[in-house]
Every structure is written in C-alpha cells, then in structure tokens.
Amino acid sequence: MIWAFALSVWITVTVGVYLAMSRDALRVVLGLALLGSAINVLLFASGRLGATLPAVVPAGGDVLAADAANPLPQALVLTAIVIGFALVCFSLVLVLRLIRDAGTDDALELRHAEPHPTDPVKPPLPAPGTEPEVEPATVEAMGADRP
C-alpha cells in the first residue's frame, strides 16, 4: 500500500510540474492546483495511512491509543484544502479574465501587454548596459552624510 501511495503522489507531482511549466496560462493554474493537492495528500499521509482507530481520547483517559491517527495533519490538510480551493478559484477567474481581455492565453503572445518604450506613465526597464555610470567620488560623498 505504501508503494502504491508513493507512486500516486509521484505521478501527481510530475503531472503538476509538467502543467505548471507550460506556456498556456490555464494549464499553469491547473498544474499548481495539482501540486497543492499532491502536497495535501502527502501531508495527510504523515498522520498514518493504515490507522484504524479515530483520533479521539477515550472518556476518562489521558493517553491517546497507540494505533490512533494523528489529528494534527488532518486539521492542517482540511485548512489547506479550503485555502487552496479559494486560491484556485481566484486564479481561474483571473486567467479567464486575462484570456477574455487579451484574446489569448499563450505566455509569449501576452508580451504585447508590456509597456511601450515611449510610454510616459509606465516606462519599461532599461536595457542592460544603458544605465548611467556613477562615479566613485559621488558614491563616497553620498555615504559620508550617513552615520
């Protein structure tokens, strides 16, 4: 059972990474959702895969049964599922809006959304090697005023 579980987690992680490295924006979101699910399953398994007893303390007892599942990974996974679902829904809405506005979901074709070199509001980053040189005397004078 452990090997089947490890194989299924490995396949889920592999498919998630493959989709996350795609140029298609929708596939990236689905790949990240798969990666989150694989991590949730892995974290859930850390609480014990084959536990048959529930994670409760019997009435009047102070010690949890030795065969009981650990409740902390279960609580963490439940919280992670809710947060991951909200994040995936929000990401899907953003990607669908991007596809509707831009007309494409290809990452290379979305470069037209970057600012033009002559845009006065949001200029692009300068090309390498075109930034002004700062003389060492200016740098020393700027540092002399500081404590």
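The values are calculated or read from the model by the stated rules, or taken from the named source; none is laboratory data. This one's a predicted model, so the numbers in the text were calculated from it and none came from an experiment. Using ideal geometry, Cβ is built from the backbone for each residue, glycine included, and neighbour counts are taken over all protein chains shown.
Observations, loosely collected:
- Filtering the range 120-138 for residues that are modelled with pLDDT of 70 or more, in a helix (DSSP H, G or I) and either over 24 Å from V13 (Cβ atoms) or not aliphatic (A, V, I, L, M) (or both) leaves an empty set.
- Each residue in the range 26-67 was checked for being modelled with pLDDT under 90 and either touching a Lys or Arg at 6+ places or on another chain (Cβ under 6 Å) or among the small types (G, A, S) (or both), and 11 of them qualify.
- Residues satisfying the stated conditions in the range 72-119, i.e. of a type in the set (V, I, T) and either part of a loop (DSSP other than H, G, I, E, B) or in contact with a strand residue (DSSP E or B) (Cβ under 7 Å, 6 or more places away or on another chain) (or both): T104, T118
- Against the test of being farther than 25 Å from S37 by Cβ and of a type in the set (S, T, N, Q), the options T79, T104 yield a single qualifying residue, T104.
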